[in-house]
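The values are calculated or read from the model by the stated rules, or taken from the named source; none is laboratory data. Since the structure is predicted, the reported quantities are computational estimates derived from the model, not experimental observations. Methodologically, a virtual Cβ is constructed for each residue, glycine included, from the backbone with ideal geometry; neighbour enumeration extends over all protein chains shown. Remember, those area values only see protein heavy atoms, side chains included, never the ligands or the DNA or RNA. Shrake-Rupley method; radii C 1.70, N 1.55, O 1.52, S 1.80 Å.
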Amino acid sequence: MKHSIPRHVGFIPDGNRRWALNRGLNKEDGYKHGIAPGLALVERCRELGIEEISIYGYTKDNTKRPMAQKMQFSKACVEFGQEIALKGAALLILGDAESKQFPENLKSFLTRQSGDIKVNLLVNYGWEWDLNGLRSGELRSQSISQIDLIVRWGGGRRLSGFLPVQSVYADFYVIDEYWPDFDMSQFEQALAWFREQDQTLGG
């Protein structure tokens with residue numbers, strides 16, 4: 001059975017550092033340029049009637065990067081998260097909030113906020129951290145639904161630990177352009193491609 005619009009879309013907005021270096025900037029300067037594209041993408045998903053989206057902010061592995069980069073991607077996640085919450089999204093932040101690498105300003109969103117489109121922002125997230133929740137009875141991402149489509153910018157052909165349980169049957173679409181060079185036509189092309197895929201989920 002084919003669905004013209006996916007119910008749940010995952011986004012991996014990669015290529016921020018490479019984008020900055022190509023412009024003679026410091027690596028950390030790329031992250032702030034990814035905020036506006038993210039806001040536009042959430043709004044478009046809302047218009048299309050997509051029920052839920054999940055967005056990679058940063059992982060526990062990313063926090064091994066230099067301090068300047070950590071400060072900037074953390075700041076970008078805070079600004080993006082607060083802005084979409086103000087715009088009425090039902091925001092949930094998923095990640096290891098017990099770590100010092102988790103922004104204090106996002107702790108109020110560890111429980112789903114009321115709103116329309118569900119937005120799951122992965123902040124200081126790790127797939128092992130997620131699965132280790134099973135030791136206490138359930139995944140730490142238990143409230144997040146199965147993903148239909150994953151769209152990755154930056155040319156990478158890997159999942160990079162992105163919600164592995166929810167992604168098990170997701171179609172995967174790769175965009176070679178870097179995330180700060182986002183254009184809405186890229187997402188529209190991903191949706192057109194999705195409509196042509198076999199969505200039998202193994203049946």
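Brief remarks follow.
- Test result for VAL42, in contact with a Cys (Cβ under 8 Å, 6 or more places away or on another chain), in contact (Cβ under 8 Å) with a residue 12 or more places away in the chain and either surrounded by fewer than 15 Cβ atoms within 10 Å (Cβ to Cβ) or closer than 16 Å to VAL151 by Cβ (or both): no
- Candidate set: the range 173-190, residues that are assigned to a helix (DSSP H, G or I) and either over 20 Å from HIS33 (Cα atoms) or in contact (Cβ under 8 Å) with a residue 40 or more places away in the chain (or both); chosen: the one most open to solvent (accessible area, probe 1.4 Å): GLN189
- Exclusive hit being open to solvent by 10 Å² or more (accessible area, probe 1.4 Å) and under 24 Å from ILE175 (Cβ atoms), set SER145, SER136: SER145
- The residues on offer are ILE150, ILE117, and the sole one that is of a type in the set (Val, Ile, Thr) and either surrounded by fewer than 15 Cβ atoms within 10 Å (Cβ to Cβ) or in contact with a Leu (Cβ under 9 Å, 6 or more places away or on another chain) (or both) is ILE150.
- Any pair with Cβ under 8 angstrom, 6 or more apart, that starts in the range 80-94 at a residue that is within 19 Å of SER141 (Cβ to Cβ) and ends at one that is surrounded by 20 or more Cβ atoms within 10 Å (Cβ to Cβ) and hydroxyl-bearing (Ser, Thr, Tyr): LEU94/TYR125; LEU94/SER141
- Test result for LYS107, open to solvent by 60 Å² or more (accessible area, probe 1.4 Å) and more than 23 Å from VAL165 (Cα to Cα): yes
- Exactly one residue out of ASP29, ASP14, ASP61 is in contact with a strand residue (DSSP E or B) (Cβ under 7 Å, 6 or more places away or on another chain), in contact (Cβ under 8 Å) with a residue 40 or more places away in the chain and either closer than 26 Å to PRO164 by Cα or surrounded by fewer than 20 Cβ atoms within 10 Å (Cβ to Cβ) (or both): that is ASP14.
- Evaluated against (1) part of a loop (DSSP other than H, G, I, E, B); (2) open to solvent by less than 70 Å² (accessible area, probe 1.4 Å), SER4 falls short on exactly one condition, (2).
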